[in-house]
Amino acid sequence: MVGIVVENLVAGYGNVSVLHDVSIDVADKQTVALLGTNGNGKSTLLSCIAGLIKPTEGHIFLVDGEERIDLTSLSPKEIVEAGVSMVPEGRRLFPLLTVEENLVLGAYRLEARAVRNITMDYCFTLFPRLAERRSQQAGSMSGGEQQMLSVARALMGVPKLLLIDEPSVGLAPILVQQMIEKIGELSTSKGLTVLMAEQNFNQAIRIADKGYIIVHGEIAFASKDAVDLRENEMIKSYYLGG
Ligand SMILES: Nc1ncnc2c1ncn2[C@@H]1O[C@H](COP(=O)(O)OP(=O)(O)OP(=O)(O)O)[C@@H](O)[C@H]1O
Ligand SMILES: [Mg+2]
């Protein structure tokens, strides 16, 4: 039973305030979409959950079974140890290291190290392309392959909660579709709880169990469920052009 509850979060950068009273919740094994166009605060919110930005107000609770851990009081390293992995914006791979070496580095937390080979096999099954390229330098791979590696590296940490920042960015439409579908499988195949930031509304709503739209750092819409999300007028009119 793993979930995340964000309550009344306020955060920003120095004098620039970005998130205003943001509350969201992600239940166990759900795939939740955080939707918003450029500059509306998606990455800022994910960075707060990962502990990279300290909010000035509010709380972020990782609900893990009976435990309720306030992540705002933990360091980024402690948050990783608690079972939260992030696929960051811009991938942040080690370009001179091979695919396999990048994956090994993703498994640095104690629990992950013990099952490293099993998880790597799973990653290679999920993304067969990575298996073919295991000895290739990460920096010499295509954008799509690098995105697969970035997701796989996060999975190597054997997270309970996976944060994914715009997996579709820079990918050709066919790859976007494939990537989103792979992410959609994680909750069922790995029992993962997933929070995914996206501005490709069209693709994200295909796999999301529910979603939020963030506008100027505020939650402008919170869906009850998948149907409520797909049928939302705001999504239809603003973002699908319908
Ligand atoms: N390091 C920073 N210092 C100051 N302002 C920042 C910093 N990072 C982000 N911002 C500002 O915070 C706001 C929200 O940015 P954020 O990166 O969270 O948006 P986003 O929804 O992830 O956008 P995108 O889809 O372009 O990635 C923007 O106005 C941005 O300029
Ligand atoms: Mg962003």
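Brief remarks follow.
- Cβ-based charge dipole, the chain, positive-most Cα from Ile205, His216, Leu175: Leu175
- The charge dipole of region 84-158, taken about the Cα centre with unit charges on the Cβ atoms of Lys, Arg (+1) and Asp, Glu (-1), comes to about 100 debye, rounded to the nearest 20.
- Phi to ³J(HN,Hα) by Karplus 6.51 cos²θ - 1.76 cosθ + 1.60 over region 198-203, Hz, x for Gly, Pro: 8, 10, 8, 4, 3, 7
- Using the Karplus relation 6.51 cos²θ - 1.76 cosθ + 1.60 with θ = phi - 60°, the per-residue 3J(HN,Hα) values for region 213-220 come to 10, 10, 10, 6, x, 10, 6, 8 Hz, with x marking Gly and Pro.
- In a fully extended conformation the segment linking Ser142 and Tyr108 would gain 9.7 nm over its present Cα-Cα distance, using 0.36 nm per residue.
- Springs between Cα atoms under 10 Å define the GNM used for the chain, and in it the highest mean-square fluctuation of Val32, Val194, Val215 occurs at Val215.
- Efficiency of FRET from Cβ geometry, Glu57 and Ile118, R₀ 41 Å, rounded to 0.05: 0.50
- Cross-link table Lys42/Lys224; Lys42/Lys190; Lys29/Lys224; Lys77/Lys224, entries beyond 23 Å C-alpha to C-alpha: Lys42/Lys190; Lys77/Lys224
- Semi-axes of the equivalent ellipsoid for the chain, Cα gyration tensor, largest first, Å: 27, 22, 17
- Residue among Tyr108, Pro95, Gly83 farthest towards the positive dipole end of region 61-111, charges placed on Cβ: Pro95
- Extension gain, Asp225-Lys77: 0.36 nm per intervening residue step, less the Cα-Cα distance, totals 50.0 nm.
- Counting charges near Phe61 (Lys, Arg +1; Asp, Glu -1) among other residues having Cβ under 12 Å from its Cβ returns a value of -4.
- About the Cα centre, charge dipole magnitude for the chain (Lys/Arg +1, Asp/Glu -1 at Cβ), debye: 700
- Residues considered: Asp225, Asp28, Asp64. Largest GNM mean-square fluctuation over the chain, using C-alpha springs under 10 Å, is found at Asp225.
- The sum of -39500 (n - 2.57) across all DSSP H runs of n ≥ 4, divided by the residue count of the chain, sets its helix-only mean residue ellipticity at 222 nm to -10000 deg cm²/dmol.
- Scoring 76-84, 121-129 by mean Cβ neighbours within 10 Å over their residues and listing the highest first yields 76-84, 121-129.
- Phi angles across region 140-153 convert, under the Karplus curve 6.51 cos²θ - 1.76 cosθ + 1.60 with θ = phi - 60°, into 3J(HN,Hα) values of 9, 8, 5, x, x, 5, 5, 5, 4, 5, 5, 5, 4, 4 Hz, Gly and Pro given as x.
- DSSP-defined antiparallel bridges as percent of all bridges, the chain, nearest 5: 55
Any read-out appearing in this document is the output of simple, stated calculations on the displayed coordinates, not a laboratory observation. Values in this document were obtained by computation on a predicted structure and should not be read as measured data. Cβ coordinates were reconstructed from backbone atoms using ideal geometry, including for glycine residues, and neighbour counts include every protein chain displayed.
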